[in-house]
1. Looking for something surrounded by fewer than 12 Cβ atoms within 10 Å (Cβ to Cβ), within 16 Å of the chain's Cα centre (by Cα) and of a type in the set (Lys, Arg) - is there at least one such residue anywhere in region 78-85?
2. Please work out which one of (1) surrounded by 11 or more Cβ atoms within 10 Å (Cβ to Cβ); (2) farther than 18 Å from residue 71 by Cα; (3) at pLDDT 95 or above is the condition residue 24 fails and give its number.
3. Which ones in region 40-57 are under 15 Å from residue 28 (Cβ atoms) and part of a loop (DSSP other than H, G, I, E, B)?
4. Cβ-Cβ below 7 Å, separation at least six or inter-chain, first residue in region 50-67 and acidic (Asp, Glu), second surrounded by 15 or more Cβ atoms within 10 Å (Cβ to Cβ) and not in a helix (DSSP H, G or I): which pairs?
5. Go through region 40-57 and count every residue that is within 13 Å of the chain's Cα centre (by Cα) and surrounded by 10 or more Cβ atoms within 10 Å (Cβ to Cβ).
6. If I ask for residues that are of a type outside the set (A, V, I, L, M, F, W, C) and either touching a Ser or Thr at 6+ places or on another chain (Cβ under 7 Å) or in contact (Cβ under 8 Å) with a residue 12 or more places away in the chain (or both), which ones from region 39-49 would you list?
Amino acid sequence: MNQQDKSKKPDTTNQNEHPEITEVNWIDDAFYVKKGMYLWTSVDKEGKNLLSSLTEEECIKASRFYLKGLQEGWGENSIKYEGTVGGKL
């Protein structure tokens, strides 16, 4: 194969794990939204569903808020509550 033939081949060395994800419209280079039957769902770069909403606009707003909270450490030191009462009554 000569040099000219090599330049015509697509470069697949840096291909993503999920090639179908590269064809979506990334929002803030962090997530994208997809329309389901009834809801819009945001998906992060790892392919994990973040949240769902009734409209595309609200899904984008809520996903930005959620991801910002994760960046700022929200939820790391949260208090866990139990729904049962310990001890004898």
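The values are calculated or read from the model by the stated rules, or taken from the named source; none is laboratory data. All values derive from a computational prediction rather than experimental measurement. With ideal geometry, Cβ positions are generated from the backbone for all residues, glycine too; neighbour counts draw on all protein chains shown.
1. Let us first name the residues in region 78-85 that are surrounded by fewer than 12 Cβ atoms within 10 Å (Cβ to Cβ), namely 78-85.
Next, from what is left, pick out any that are within 16 Å of the chain's Cα centre (by Cα): none.
Looking through region 78-85, none of the residues is surrounded by fewer than 12 Cβ atoms within 10 Å (Cβ to Cβ), within 16 Å of the chain's Cα centre (by Cα) and of a type in the set (Lys, Arg).
2. Only one criterion in (1) surrounded by 11 or more Cβ atoms within 10 Å (Cβ to Cβ); (2) farther than 18 Å from residue 71 by Cα; (3) at pLDDT 95 or above is unmet by residue 24, namely (3).
3. Within region 40-57, just 45 meets the criteria.
4. Every condition considered, the pairs that remain are 56/33; 56/40.
5. Counting residues in region 40-57 that are within 13 Å of the chain's Cα centre (by Cα) and surrounded by 10 or more Cβ atoms within 10 Å (Cβ to Cβ) gives 11.
6. Step one: list which residues in region 39-49 are of a type outside the set (A, V, I, L, M, F, W, C), which gives 41-42, 44-49.
The answer is 41, 42, 44, 45, 47, 49.
Conditions (1) β-branched (Val, Ile, Thr); (2) modelled with pLDDT of 90 or more; (3) assigned to a loop (DSSP other than H, G, I, E, B); (4) within 11 Å of the chain's Cα centre (by Cα), marked per residue:
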{"residue": "7", "(1), (2), (3), (4)": "no, no, no, no"}
{"residue": "11", "(1), (2), (3), (4)": "no, no, yes, no"}
{"residue": "14", "(1), (2), (3), (4)": "no, no, yes, no"}
{"residue": "33", "(1), (2), (3), (4)": "yes, yes, no, yes"}
{"residue": "38", "(1), (2), (3), (4)": "no, yes, yes, no"}
{"residue": "59", "(1), (2), (3), (4)": "no, yes, no, no"}
{"residue": "68", "(1), (2), (3), (4)": "no, yes, no, no"}
{"residue": "76", "(1), (2), (3), (4)": "no, no, yes, no"}
